[in-house]
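K.L.:
To start, I am sharing the structure in question, which I have written as structure tokens.
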Amino acid sequence: MNKYLSFLEAAKIVKEVESKKTKNLKLLASFTTKQLEIYLMAYARNRSIDLKLKNIPFGTLKQHIINNGDDNEDSLLFLIPADFSPILDWRTGFPEKNQEINKIIDEINDFGNLIKKNNFQSIFLLPTKLPPLFNKPQDLLSIDLTIKSVSNDLGAYTLSDTYFSLDSYLISGSPVSGADLSPAAYDISRNLFQNEVEQKKILVTDLDNTLWDGILGEDGVSGIEALSEGKGYHHFIYQTYLKKIKESGALLSICSKNDKDLVERAFKKNNFVLSLDDFVSVQASYNPKSLQIKELAKSLNLGLESFVFIDDNPVEINEVKSSLPQVTCILFDPNSKKYIDMYKELSSMFLNIVPTEEDKNRTEMYRAMQKSIEAIEGQSSDLSSFLQSLDMKVLFSKKSNKDNERAIQLINKTNQFNLNGLRMEPEEVNHIMDKGGHLFTANLSDINGEHGEIISLLIDKDNVVQSFVMSCRVFQRKVEYVFLYILLDKYFDEIKLNY
């Protein structure tokens, strides 16, 4: 089991996983890309992007570039060496006459200059084995190096040359082998959407041979290890990473097929980097892990697309991946190169940020929220009475440019309760405030403790609300009604919403 999607998995994701925004893109290539497109759309959908692709007729790439000029801003250019000089195309066979290397190098540079005149969003190069057109091996090497040099000058991302298949190119018109379509699409999407990665909110981890070395039910509480030495070293590193992202505001949860009391004893007995207090929830049962994660999502009021699941067992990974395609699943394998790649992938999902106090206390806040939700679900017929029993207190605040860090963070992280989904840089927010606008927030506390700053509303000088967001932790509490009532009662006679 690996991070790459199969064709069936990709098709299922495109069909079932919802997206938050749409991106239109022209995929420009001289070869067929039809088989590649399903994977590109699936990897985009995993980032909550509905990727709409358009392409051009087979073999019309150069003419399209010439005719469209600056109209290539929303285009992805996918090149192979044959695009730089037609003589390098395997499909045309070998020419009868010997070729002049200087002429081919001139063609390569001319094509590069043509591309420079256009405004392409992204450029990718798939290196291929070149046909041996020359008697001197160094001549072919010069051609290869010239293509790579021109590509680098264009800012192109170079894919692995192992993806090229001559058989596939000749038979189907696609230079990428069938087995490598998914890895190639993964590399392209990771580069293409590196600034549009949907940040995850919660990491769900297995225990046995994942959080620690050993099997708790067999080795006992004294037989498991996660120390900075010996066979538990990889697991020690893993725990330090989880501790780091937890301190930056991510939530951690355990999902393990173990007895809960045994899990609790294991944490008490061992001096791990992580303690049970670092986890918002401990799901320890023998139910399918997909079911446990689904119930956890419901109790935390988080979308499944916010979840990352890590397990050392390929069967468990496959079970969750098949049942909950919205969840990002990663195989934990300490004995392979994938172990290092895992941290690279996780780092793109959980940003390394300077944590605010809100981030540091997020686990405790969600625990408090879980208690409230459990009680709410048990008393749905008398919700008002229950809400009154929580003794909720709302602290309404008007922010300045100097104390709006958490408010801006809410605007840029909140997805579910969000007026319009717009993300705003601090400079944009401050500009609106400097021009006569205002930024309001609210903190919430109840009998279960502090919930922190949970609402942010930005309104411009014309009384148009440009952003209105609320943390999903406080859904069902009617806090937004109280907030708007205060706003209209104390500050404005009328407001408009940029919905």
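K.L.:
How large is the accessible surface of Arg190 in square angstrom, using a 1.4 angstrom probe and rounding to the nearest 10?
P.N.:
90 Å²
K.L.:
Percent of accessible area on region 123-167 owned by carbon and sulfur, 1.4 Å probe?
P.N.:
That share works out to 49 percent.
K.L.:
Sticking with this structure for a sec: Can you run the Rg to Rh ratio on region 138-221? Use alpha carbon positions and the Kirkwood inverse-distance Rh.
P.N.:
Rg/Rh for region 138-221 comes to 1.23.
K.L.:
Round to the nearest 10 and give me the degree value, 0 to 90, for the angle of helix 137-154's Cα axis relative to the longest principal axis of the chain.
P.N.:
That works out to roughly 40 degrees.
K.L.:
Pairing the Cα long axis of helix 479-490 with the longest principal axis of the chain, what angle in degrees results, from 0 to 90 and rounded to the nearest 10?
P.N.:
Long axis of 479-490 versus the principal axis of the chain: about 80 degrees.
K.L.:
Compute, for the chain, the length of the dipole vector about the Cα centre, with Cβ point charges of +1 (Lys, Arg) and -1 (Asp, Glu) only. Units Debye, rounded to 20.
P.N.:
Roughly 440 debye for the chain.
K.L.:
Return one whole number: the accessible area per residue of the chain in Å², for a 1.4 Å probe.
P.N.:
48 Å²
K.L.:
Students often get this wrong, so try it: which of (i) 252; (ii) 189; (iii) 167 is volume of the Cα convex hull per residue in Å³ as calculated from the structure shown?
P.N.:
Only one option fits the structure, namely (ii).
K.L.:
Then there is this: Applying the Karplus parametrisation 6.51 cos²θ - 1.76 cosθ + 1.60 with θ = phi - 60° to the phi angles of region 304-314, what ³J(HN,Hα) value in whole Hz is obtained for each residue in order, glycine and proline being reported as x?
P.N.:
These are the phi-based 3J(HN,Hα) values: 5, 5, 8, 9, 10, 10, 10, 8, 8, 9, x Hz.
K.L.:
Roughly how many Å² of Asp161 are accessible to a 1.4 Å probe, to the nearest 10?
P.N.:
Rounded to the nearest 10, the figure is 90 Å².
K.L.:
In degrees from 0 to 90, rounded to the nearest 10, what is the angle of the helix 260-269 Cα long axis to the longest principal axis of the chain?
P.N.:
90 degrees
K.L.:
Cα-Cα over 29 Å: which of Lys21/Lys201; Lys243/Lys298; Lys257/Lys321; Lys393/Lys496; Lys257/Lys478; Lys12/Lys496?
P.N.:
Too far apart for the 29 Å limit: Lys257/Lys478; Lys12/Lys496.
K.L.:
What value in Å³ per residue do you get for the convex hull of the alpha-carbon atoms in region 182-240? Intermediate values should be presented prior to the final figure.
P.N.:
Details: hull volume 8.5 nm³, N = 59.
Output value, Cα hull per residue: 144 Å³.
K.L.:
Right, something else. Using the Karplus equation 6.51 cos²θ - 1.76 cosθ + 1.60 (θ = phi - 60°), what ³J(HN,Hα) coupling, rounded to whole Hz, does each residue of region 34-45 give in order, writing x for Gly and Pro?
P.N.:
Along region 34-45, the couplings run 4, 5, 6, 5, 4, 6, 4, 5, 5, 5, 5, 4 Hz.
K.L.:
Let me ask another. Among DSSP beta bridges lying fully in the chain, give the percent that are antiparallel, nearest 5. Mind dumping the intermediate values first?
P.N.:
Values: 25 of 60 bridges.
Here the antiparallel bridges make up roughly 40 percent for the chain.
The values are calculated or read from the model by the stated rules, or taken from the named source; none is laboratory data. Quantities reported herein were computed from a predicted structural model and do not represent experimental measurements. No Cβ is skipped: glycine too gets one built from the backbone with ideal geometry, and neighbour counts run over all protein chains shown. Only protein heavy atoms, including side chains, enter the accessible area calculation; ligands, DNA and RNA are left aside. Shrake-Rupley method; radii C 1.70, N 1.55, O 1.52, S 1.80 Å.
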